Amino acid sequence: MSRRAFTGVMIALTAMTTVLVACQETQVPTAVPIKFEPTPAPVNTTGPGSTSGPQGTSASAPAVAPVVGDAKRGQALFSHHGCSACHKTDTTTLVGPGLGGIGALAGSRVAGLSAEAYIDQSIRVPDKFLVPTFANLMPATFKDMPAAEIADLFAYLNTLK
């Protein structure tokens, strides 16, 4: 290998290493479990076996047990689903908004939505509410994500300061 080719390879490797090191983030999961209380799904009021009353309301909606999220699993899901490709875990904008402090901010984003409900909606139906100045670039592929995974992600997001 010529000296010039060797130098070019070394420069390329140094640049790639620098980019990879710069993308590393330190994230500290919480040891305190976070309770996530999803909203019950609507009851079928028109089909067979309906329990609706005269106005089409359910006689009794099933109770939904709160799901307790695990921040460590949430951090793994954040990585697994590629969330960090668009979201930084501090307040820096990458493609989407930075998520630093989202646990405290989420409850005030949309009137009537708790922090948990806002995060759930943002993951499942990302075009329902857009943070001002951001386009609808969030993939709509997570609409059927299990409540336990949403709870884990919420627990993890609450650790971001």
> Long-range amide H contacts for V68: which residues qualify at under 5 Å (H placed 1.01 Å from N, peptide plane, sequence gap of 5 or more or a different chain)?
Replying inline: F36
> Which value in nm describes the separation of the simple spin-label points at T91 and A12, placed 7 Å from the Cα toward the beta carbon?
Replying inline: 4.0
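Between A5 and V110, what is 0.36 nm times their sequence separation minus the Cα-Cα distance? Round to one decimal in nm. Walk me through the numbers on the way to the answer.
On the way: separation 105, 0.36 × 105 = 37.80 nm, distance 5.62 nm.
Gain in length upon complete extension: 32.2 nm.
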>> Can you classify region 96-159 as rounded, prolate or oblate using the Cα gyration tensor, where a ≥ b ≥ c are the square roots of its eigenvalues, rounded means a/c under 1.5, and otherwise it's prolate if a/b beats b/c and oblate if not?
In response: rounded
> Could you give me the ³J(HN,Hα) list for region 93-99, computed from phi with Karplus coefficients 6.51, -1.76, 1.60 and θ = phi - 60°, whole Hz, x at Gly and Pro?
Replying inline: 7, 10, 9, x, x, x, 9
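Every read-out reported here was derived from the displayed coordinates using simple, explicitly stated rules and does not represent laboratory data. Because the structure is a prediction, the values reported are computed rather than measured. Cβ sites come from the backbone with ideal geometry, for glycine too, and all protein chains shown count toward neighbours.
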